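Student: The following block contains the structure, expressed as C-alpha cells.
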Amino acid sequence: MCSDHAPAAEIPAVNGTPNGTNGVTNGRRQPKLPYQQHHSDERSNTGRFQIIESTLREGEQFANAFYDTETKIKIATALSDFGVEYIELTSPVASPQSRADCEAICKLGLKAKILTHVRCTMEDAKVAVATGVDGVDVVIGTSQILRDHSHHKSMAEITETAIEVVKWIKSQGVEVRFSSEDSFRSNIVDLLSLYQAVDKAGCDRVGVADTVGVATPRQVYKLVRTLRDVVSCDIETHFHNDTMCAVANAHAALEAGATHVDTSVLGIGERNGITPLGGLLARMIVESPDYVKSRYKLAKLKEIEDLVADVVQVNVPFNNPITGYSAFSHKAGIHSKAILAKPETYEILNPSDWGVKRWIHFSSRLTGWNAIKSRAGQLGLIITDEQAKQLTQKIKAMADVRPLAIDDTDSIIRSFCLEHQPEDQPDQ
Ligand SMILES: CC(=O)SCCNC(=O)CCNC(=O)[C@H](O)C(C)(C)COP(=O)(O)OP(=O)(O)OC[C@H]1O[C@@H](n2cnc3c(N)ncnc32)[C@H](O)[C@@H]1OP(=O)(O)O
Ligand SMILES: O=C(O)CCC(=O)C(=O)O
Ligand SMILES: [Zn+2]
C-alpha cells in the first residue's frame, strides 16, 4: 500500500499482458523481441515445470519458524489451492509432533501431493512411508566436506544404502526421490555414478541441491545438462540464496532440462533461504505466461505471503517481486509519462495478473506534468497541458523543500484549479 510519504495514484492495469509480444494481440501476431526466450531447445522445461513447495520443510528451518498443527494445515491448504504440485513436510523423525502433523496433512486429501524429507537410512524411510505420504524425498551429503564432518560415509556406502532405500520405498508403492546434498561441491564423477545407480534402482526423481548457495547459473546449467543425459527419471533442483542466485539458478536448471524446482513462500529456510515461490513465478511468467497462468492462482500469492510472513513474524520486503510495497510503483516523470501511455514500457509483469495494483507517484521533485495532469483528471479537474506544466513547477518548488504527502499535492492541485476558474478552465 502507498504511504503518505510516497504519494502515488493508482492507475488501473490495462488490458492485455505486458508479454503481449509473445502471442497474438488484436488478431495480429506481434514481432518477437531480440532477447525473448523461444523454448527452441528441446530439453528446456521453462514451459512445463512443477513446483515442490517446501515452506513446511525447508521453511521450518528458518530461524523464526514455529508452526503449530493448525498453522501447518492452513499453509498446506492454501498452497494446494494455489496450485503447487507438491508440498514437502518436515521429517517425521524430527519429533513426535512432526510425525503426527505429517499424518494429519496426509489425511486432508489435498490436491497437491504430499512428500516428506528424510535422511538416507532404512529407519527414516520406514517411518516416512508409514505416515501415508505420496512420496519420500531422501537426501544425503555427497561432498567431501559433508562426508568428513556430517555422516562419515564413503561414496560406496552411500550408493549401497541409497539403492536399498530407493528400492524399498518403491516396493511400498510410494514415489521416491533421491537427492545429493551439497551437489555443487561434490565430485562430478562420483555424483553422476550415484545418480545413475539410483535411477536404475527405480527412482522417480533425482535431486540436485546447492545447499550452501555457491553455484552460478552457468554451473547449474552445465551440471543439470550433463545429468539430463545420464538419467532417465525426473530432475528436481534446490537452490539456496546466500549469493542471491536462487531464482536465476532455478531458471538455468529448467533451461538445462530439470523438471522440478523447490521453493518456499518468501524464500524462507536455513540462513537466508531458498528460491522464493513468488520470485520464481515472476521469472517464469515472463517467458511462459500461458503455462504459469493456467496452473497457479496467481491472485492468491499475496494472501499466502501475508499468511506466512505473519506466522514467522517478518515483513514482506519492500522490493519483493510482485507483492513488495514498491514492486509496481513508478516515480520519475519519464517513467510515469510512458507508463500512463502504455504500461508495458516499464513493466514486464502485469499487476492485474497477480491481483495487485500499480501506483504512479505524483508529488516529488521528480514528477513531470503528465503525471500531474493525470492526477488532476482523477480528482475530476480538467486542465490544459500548459496549466499542468505551470502547476508541476509549483509542486516541484514545494517538493524541493520537504517531502509532500498525497493530501498536500492534491491541495496544491485543487487551489491551482480554483485560482484558474472559471475563465481559465477549458470548456467541459
Ligand atoms: C540440508 C538440509 O536441510 S537436510 C534436512 C535437514 N533437516 C533436518 O535436520 C530435520 C530435523 N532434524 C532433526 O530433528 C534431527 O537432526 C534428527 C532427528 C534428524 C537426527 O537427530 P539426532 O539423532 O539427534 O542427530 P543429530 O541431529 O545430532 O545429527 C545428525 C545425525 O544424522 C546423520 N546424518 C546426517 N545426514 C544424514 C543423511 N543424509 N543420511 C543419513 N544420516 C545422516 C549424522 O551423521 C548424525 O548421526 P550421528 O547421530 O551418528 O552423529
Ligand atoms: O533434499 C534436497 O534436495 C535438499 C536438501 C536441502 O535442504 C539442502 O541441501 O539445502
Ligand atoms: Zn535447503
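The values are calculated or read from the model by the stated rules, or taken from the named source; none is laboratory data. Just so it is clear, the structure is predicted and the values come from calculations on it, not from any experiment. We place every Cβ from the backbone using ideal geometry, glycine too, and count neighbours over all the protein chains shown. For the accessible areas, the whole protein counts, side chains as well, though only heavy atoms, and no ligand, DNA or RNA atoms are used. Shrake-Rupley method; radii C 1.70, N 1.55, O 1.52, S 1.80 Å.
Student: Collect the residues in the stretch 86-134 that are of a type in the set (D, E, K, R) and either open to solvent by 60 Å² or more (accessible area, probe 1.4 Å) or under 17 Å from SER179 (Cβ atoms) (or both), keeping them in residue-number order. Spell out how you get there, then give the answer.
Tutor: Applying the first criterion (of a type in the set (D, E, K, R)) to the stretch 86-134 yields 88, 99, 101, 103, 107, 111, 113, 119, 123-124, 126, 134.
If the condition is that a residue be of a type in the set (D, E, K, R) and either open to solvent by 60 Å² or more (accessible area, probe 1.4 Å) or under 17 Å from SER179 (Cβ atoms) (or both), then GLU88, ARG99, LYS107, LYS111, LYS113, ARG119, GLU123, ASP124, LYS126, ASP134 are the ones that fit.
Student: Still on this structure, please answer the following. Please work out if PHE318 is modelled with pLDDT of 95 or more, among the aromatic types (Phe, Trp, Tyr) and surrounded by fewer than 16 Cβ atoms within 10 Å (Cβ to Cβ). First the steps, then the outcome.
Tutor: Working: modelled with pLDDT of 95 or more: yes; among the aromatic types (Phe, Trp, Tyr): yes; surrounded by fewer than 16 Cβ atoms within 10 Å (Cβ to Cβ): yes.
Yes: the conditions hold for PHE318.
Student: Same structure, new question: Identify all residues within the stretch 31-68 that are away from ligand 1 (no atom under 13 Å from the Cβ), at pLDDT 95 or above and not in a strand (DSSP E or B); write none if there are none. Working first, answer last.
Tutor: The initial filter retains those residues of the stretch 31-68 that are away from ligand 1 (no atom under 13 Å from the Cβ), namely 31-53, 55, 63-64, 66-68.
Now narrow it down to the ones that are at pLDDT 95 or above: 44-53, 55, 63-64, 66-68.
Correct list: SER44, ASN45, THR46, GLY47, ARG48, PHE49, THR55, ALA63, ASN64, PHE66, TYR67, ASP68.
Conditions (1) under 15 Å from the mean Cα position of the chain (by Cα); (2) free of Cβ contacts under 8 Å to residues at least 24 places away in the same chain; (3) away from ligand 3 (no atom under 16 Å from the Cβ), marked per residue:
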{"site": "GLU236", "(1), (2), (3)": "no, no, no"}
{"site": "PHE239", "(1), (2), (3)": "yes, no, no"}
{"site": "LEU254", "(1), (2), (3)": "yes, no, yes"}
{"site": "ASP262", "(1), (2), (3)": "yes, no, no"}
{"site": "GLU287", "(1), (2), (3)": "yes, no, yes"}
{"site": "ARG295", "(1), (2), (3)": "yes, no, yes"}
{"site": "ILE322", "(1), (2), (3)": "yes, no, yes"}
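Student: List the residue pairs whose Cβ atoms are under 6 Å apart, where the first residue sits in the stretch 120-133 and is farther than 14 Å from GLU103 by Cα, the second is among the β-branched types (Val, Ile, Thr) and more than 12 Å from ligand 1 (Cβ to nearest atom), and the two are 6 or more positions apart or on different chains.
Tutor: From residues that are farther than 14 Å from GLU103 by Cα, the pairs are ALA125/ILE169.
Student: Okay, moving on. Inside the stretch 135-242, counting only helices (runs of 4 or more DSSP H) that do not spill past its ends, which hold 1 or more residues that are within 16 Å of ligand 1 (Cβ to nearest atom) and buried (at least 20 other Cβ atoms within 10 Å of the Cβ)? If you could, list the steps in order and put the result at the bottom.
Tutor: On the way: elements: 155-171, 188-200, 217-228.
Hits in the stretch 135-242: 155-171, 188-200.
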